[in-house]
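Only one structure is covered here, and it is reproduced in the block below.
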Amino acid sequence: MRDGFETRKTWPFECLRCLHVWEEQYVVRNLMDDYGNEVEIWLQSGVPVQPPWSGVSCPGCGAYHVTSFPSGYLSRHPELVAAPEPEPVAWPHPAPAPPAVERRAPAPRTPLPMRVLVAIGVPIVVFVAYELYEGLKTVAHPH
């Protein structure tokens with residue numbers, strides 16, 4: 001890598017789940033390799049990171065459903081950042097307690113063997129009854 005320069009960029013974000021608004025500071029290194037290709041390296045605290053448009057998560061709730069604002073947007077709209085920073089999320093989340101629901105006893109069910117007999121027996125009875133009816137009809141009125 002040869003020539004390059006650094007710029008500092010501030011990206012404002014909003015979580016679309018909990019509506020938390022925050023900014024993240026980045027240093028962007030623009031470098032040119034020996035073949036003339038331009039390369040951008042995004043850094044936070046000196047550590048290479050993904051660009052802000054890929055994979056940002058909310059520091060409040062951990063959601064990845066995040067949108068960004070134009071640069072300088074939050075400085076023009078201070079009412080969006082009036083809320084204090086939330087505590088970082090500890091993973092895994094403890095499962096929230098389910099609401100208390102009064103449970104009724106389930107309705108008594110017919111035992112499985114009886115249901116199987118009914119499911120098989122009813123079609124057989126209908127078939128046999130139809131055949132008997134057709135047989136009696138031909139005996140009573142021969143052609």
Log entry, pairs with first residue in segment 22-45 being farther than 30 Å from Pro78 by Cβ, second being hydroxyl-bearing (Ser, Thr, Tyr) and in a strand (DSSP E or B), beta carbons closer than 8 Å, six or more apart or on different chains, reads Asn30/Thr7
Sole miss for Leu43 among (1) part of a loop (DSSP other than H, G, I, E, B); (2) within 14 Å of Glu24 (Cα to Cα); (3) modelled with pLDDT of 80 or more is condition (1)
Only one of Ala119, Ala83 is closer than 23 Å to Tyr26 by Cβ, aliphatic (A, V, I, L, M) and either modelled with pLDDT under 70 or not in a loop (DSSP other than H, G, I, E, B) (or both), namely Ala83
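Right, Tyr64: surrounded by 13 or more Cβ atoms within 10 Å (Cβ to Cβ) and out of contact with any Asp or Glu (no Cβ under 9 Å at 6 or more places or on another chain) or not?
Working: surrounded by 13 or more Cβ atoms within 10 Å (Cβ to Cβ): no; out of contact with any Asp or Glu (no Cβ under 9 Å at 6 or more places or on another chain): yes.
The answer is no for Tyr64.
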Every listed condition ((1) surrounded by 11 or more Cβ atoms within 10 Å (Cβ to Cβ); (2) part of a loop (DSSP other than H, G, I, E, B)) holds for Tyr35 save (1)
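The values are calculated or read from the model by the stated rules, or taken from the named source; none is laboratory data. Computed from a prediction, not measured in an experiment: that's the story for all the values here. As a convention, Cβ positions derive from the backbone with ideal geometry for all residues, glycine included, and neighbour counts pool all protein chains shown.
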